[in-house]
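Structure, as structure tokens:
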Amino acid sequence: MSDKDISQLSEEDAAEELKQLAATIAAANTAYHTHDAPEISDADFDALKARNLAIEARFPELKRSDSPSDHVGAAPSEAFAKITHAVRMLSLSNAFDDADVAEFDARIRRYLGLADDAPLAFTAEPKIDGLSLSLRYEEGKLVQAATRGDGEVGENVTANALTIDDIPATVEGAPDVMEIRGEVYMSHADFDALNARQADAGAKTFANPRNAAAGSLRQLDAAITRSRPLRFFAYSWGELSEPLAETQMSAIERMAHLGFQTNVRTQLCTGVTEMLDHYRSIEQARATLGYDIDGVVYKVDDLALQGRLGFRSTTPRWATAHKFPAELAWTRLEAIDIQVGRTGALSPVARLTPITVGGVVVSNATLHNEDYIAGKDSKGQPIRDGKDIRVGDWVQVYRAGDVIPKVADVDLSKRPEDAVPYQFPTICPECGSEAIREEGDSVRRCTGGLSCPAQAVERLKHFVSRAAFDIEGLGSKQVEQFYRDGWVAEPADIFTLQERYGEGIQQLKNREGWGDKSANNLFQAIEEKRNIPFARVLFALGIRHVGEQASTLIARTYGEWDAFLAAMDGASEHAGEAWDGLLSIDGVGEVMARSLVTAFAQPQERQSIDRLTAHLAIESAERPETDGSPVAGKTVVFTGSLEKMTRAEAKARAEAMGAIVSGSVSAITDLVVAGPGAGS
């Protein structure tokens, strides 16, 4: 996430960051909700969503169709049948301190027109860290159980839910239609016992109780779920043929009377002071509860008022989750390792003397980036009072959101005399390529691209994606398998697959899941992609900042692949006519240009690209039918005010006539259309 002040963002910066935030948050949702393997902490996730909302508030016109502020959870797994929720399963807004809770109360009063001293009751209940589940009963019988999924559609886990002792198969005295919602979880004792059994059997152990509970419920074999010690707390509802009660508290009591487990620490509070007092009471008892919680949920008690308050796009107005702060502990930093992510990001990881933090043994922690290690933020301002982090230091570790531990502070009084400042690598430890840090980016990234093994699989998946080569029968799953088995290491290998594995001892058709027909279909599909448009090739390379639209613009500008390569070589020093020409392309800024030129200047990356293009017949960029237009092929710059049409219309008209519209004057400019206020 960028550290740049949102008030200082340009519209271009904001659009790019919203794009990155949408992708990052979607990936985090998939990791958490679909794969039960969270990759970032709850606190980091909350921060990403908060920044996304703040940027959208400043630039509402830039809000994306895939905005995270309009989505809940992640798409349900293809492994399960789907169930559409009769009433959407939403998420909760967050409060992080006392002031946020007071504002939550004040916001509700403003919405309802209630005076500050008017009575307003809330329920306060522990926020269970598990997997959300909706149970549908018809005429007292459990007929469906579904995970939250994306809030609209969840996974059908009915057979698995019926194996959980806390979930009754039938209930008496319930409404004819009743959807009970709650959380599937695993107690600490049961989690420890399960991990011990898994280890003894040589099977996978689980990182935490939440992952264990989610993974156990989402088994394709209900017998496995039955063998796992899952529990269920009920706290809410979806569709009802008749109300359970008139208040939240009474409804919870009704659910308990019907045979559901409800949390005994749920309490009715008459104002903010009582809410915060109960929050602190639960926080103090947290370690003794025997199950994981990550905060307290407050809900307006009066259900009629809940109805008046209604919902935002993904959260109810009448509820919020008051999150616990991170938990802390001190331990020794034994080493700093560098991990290379799929985008080439070099991420420093602290290797720690194992320490128990919040009931979990922690031996690794993230160090964010090189600035964080040096004791400063991305603007060069000191953090931790400017204390850097060195191997051998005693460091304070905190676990934000109980997922990924982080280093918060350093005890200089215990620093070894021989400790030296950490030198962040400028060479990728995986492939030896240069690792650069772009202006405005807090992360240093490997430039090896497709030749870097740490990036290779994800880059290969991008290469075969729909907007890139889109090879029929070669998707993410097949690419991953071929890479793992050593059949495909880079894109060029795809085009020699038939030559290497079409016949002989090791043949594609003999692999599990393949046969004569499917193998031949794949080989044919690969052959068909040897002739491919310039723009698709460029986009398929997965160069940072170079998206589908930019690839099309660049392809139209240079026309031929060889001309483009010559321009990249000519711009390698980030200066000169070729560099100016690249920057003059409308939509190509300096950040994108540097990323593009750097990729082609790296020897390993360039060799990988050249090996690929040797197998291709790259089609020249298509140009519109211009019927002898006098501006066809000309580079045009519009500057100043346009009196007869908008700039967007002028650009579209010029491009339709075959012109290349540039954003600035350069050596390759043919025509300048200057209106009033054009300047010098």
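On the given criteria, is residue 334 at pLDDT 95 or above and assigned to a strand (DSSP E or B)? No, not satisfied. Report, ordered by the first and then the second residue, all pairs with beta carbons closer than 7 Å, sequence separation of six or more or different chains, a first member in the stretch 602-620 that is free of Cβ contacts under 8 Å to residues at least 24 places away in the same chain, and a second member that is part of a helix (DSSP H, G or I). Between residues of the stretch 602-620 that are free of Cβ contacts under 8 Å to residues at least 24 places away in the same chain and residues that are part of a helix (DSSP H, G or I), the close pairs are 606/600. At least 2 residues being farther than 30 Å from residue 139 by Cβ and in contact with an Asp or Glu (Cβ under 8 Å, 6 or more places away or on another chain) is the threshold, and among the helices (runs of 4 or more DSSP H) wholly inside the stretch 241-325 those reaching it are 272-285.
When the stretch 227-266 is filtered for residues that are free of Cβ contacts under 8 Å to residues at least 40 places away in the same chain and either of a type in the set (A, V, I, L, M) or more than 14 Å from residue 180 (Cα to Cα) (or both), the ones remaining, listed by number, are 227, 250, 256, 264.
Scanning for something of a type outside the set (Val, Ile, Thr) and in contact with a Phe, Trp or Tyr (Cβ under 6 Å, 6 or more places away or on another chain), does the stretch 569-579 turn up at least one residue? Yes, that holds for at least one residue. Going residue by residue through the stretch 70-80, is there one that turns out to be assigned to a helix (DSSP H, G or I) and modelled with pLDDT under 85? Yes.
Looking at the stretch 434-447, is at least one residue farther than 29 Å from residue 6 by Cβ and out of contact with any Gly (no Cβ under 9 Å at 6 or more places or on another chain)? Looking through the stretch 434-447, none of the residues is farther than 29 Å from residue 6 by Cβ and out of contact with any Gly (no Cβ under 9 Å at 6 or more places or on another chain).
The stretch 117-223 holds strands (runs of 3 or more DSSP E) entirely within its bounds, and those carrying 2 or more residues that are closer than 30 Å to residue 285 by Cα and in contact with a Cys (Cβ under 7 Å, 6 or more places away or on another chain) map to 122-128. Quick one: in the stretch 529-550, of everything that is at pLDDT below 90 and of a type in the set (Gly, Ala, Ser), which residue is surrounded by the fewest Cβ atoms within 10 Å (Cβ to Cβ)? Among those that are at pLDDT below 90 and of a type in the set (Gly, Ala, Ser), it is 547.
May I ask you to verify whether residue 415 is in contact (Cβ under 8 Å) with a residue 12 or more places away in the chain, more than 20 Å from residue 443 (Cβ to Cβ) and charged (D, E, K, R)?
In short, yes.
Tell me whether the stretch 577-589 contains one or more residues that are in a strand (DSSP E or B), over 29 Å from residue 527 (Cα atoms), aromatic (Phe, Trp, Tyr) and free of Cβ contacts under 8 Å to residues at least 40 places away in the same chain. Among the residues of the stretch 577-589, not one is in a strand (DSSP E or B), over 29 Å from residue 527 (Cα atoms), aromatic (Phe, Trp, Tyr) and free of Cβ contacts under 8 Å to residues at least 40 places away in the same chain, which makes the answer no. Pairs meeting the criteria (first residue in the stretch 40-69 and farther than 27 Å from residue 327 by Cα, second residue polar (S, T, N, Q) and assigned to a helix (DSSP H, G or I), beta carbons under 7 Å, at least 6 apart or on different chains) are 56/69; 68/52; 69/52.
Scanning the stretch 371-397 for residues that are in a strand (DSSP E or B) and either in contact (Cβ under 8 Å) with a residue 40 or more places away in the chain or not assigned by TED's automatic domain parsing to the domain that holds residue 410 (or both) gives 394, 395, 396, 397.
So is residue 565 free of Cβ contacts under 8 Å to residues at least 40 places away in the same chain, of a type in the set (A, V, I, L, M, F, W, C), in the same structural domain as residue 535 (by TED's automatic domain parsing) and under 26 Å from residue 496 (Cβ atoms) or not? Considered against the rule, which asks whether it is free of Cβ contacts under 8 Å to residues at least 40 places away in the same chain, of a type in the set (A, V, I, L, M, F, W, C), in the same structural domain as residue 535 (by TED's automatic domain parsing) and under 26 Å from residue 496 (Cβ atoms), residue 565 comes out as yes. Taking into account only those residues within the stretch 140-164 that are surrounded by 24 or more Cβ atoms within 10 Å (Cβ to Cβ) and small (Gly, Ala, Ser), which is farthest from residue 83 (Cα to Cα)? Result: 161.
Restricting the stretch 518-558 to residues that are among the basic types (Lys, Arg) and closer than 20 Å to residue 464 by Cβ leaves a set whose member that is farthest from the chain's Cα centre (by Cα) is 530. Taking the stretch 495-519 as the range and being part of a helix (DSSP H, G or I) and either charged (D, E, K, R) or under 12 Å from residue 474 (Cα atoms) (or both) as the test, the residues that pass are 497, 499, 500, 509, 516, 517, 518, 519. The lone criterion from (1) modelled with pLDDT of 85 or more; (2) part of a helix (DSSP H, G or I); (3) out of contact with any His (no Cβ under 8 Å at 6 or more places or on another chain) left unmet by residue 637 is number (2).
Residues considered: 251, 234, 321. Of these, the only one that is surrounded by 14 or more Cβ atoms within 10 Å (Cβ to Cβ), among the small types (Gly, Ala, Ser), on the phi < 0 side of the Ramachandran plot and touching a helix residue (DSSP H, G or I) at 6+ places or on another chain (Cβ under 6 Å) is 234. Screening 210, 280, 265, 218 for residues that are among the basic types (Lys, Arg) and either at pLDDT 90 or above or touching a Leu at 6+ places or on another chain (Cβ under 7 Å) (or both) leaves exactly one candidate, 265.
Residue check: residue 615 meets all listed conditions (1) touching a helix residue (DSSP H, G or I) at 6+ places or on another chain (Cβ under 7 Å); (2) within 25 Å of residue 532 (Cα to Cα); (3) not in a loop (DSSP other than H, G, I, E, B) but one, namely (3).
Among residues of the stretch 175-190 being among the aliphatic types (A, V, I, L, M) and under 21 Å from residue 139 (Cβ atoms), the one that is nearest to the chain's Cα centre (by Cα) is 180.
The values are calculated or read from the model by the stated rules, or taken from the named source; none is laboratory data. Predicted, not measured: the structure shown is a model, and the values here were computed from it. Cβ atoms come from the backbone with ideal geometry, glycine included; neighbour counts cover every protein chain shown.
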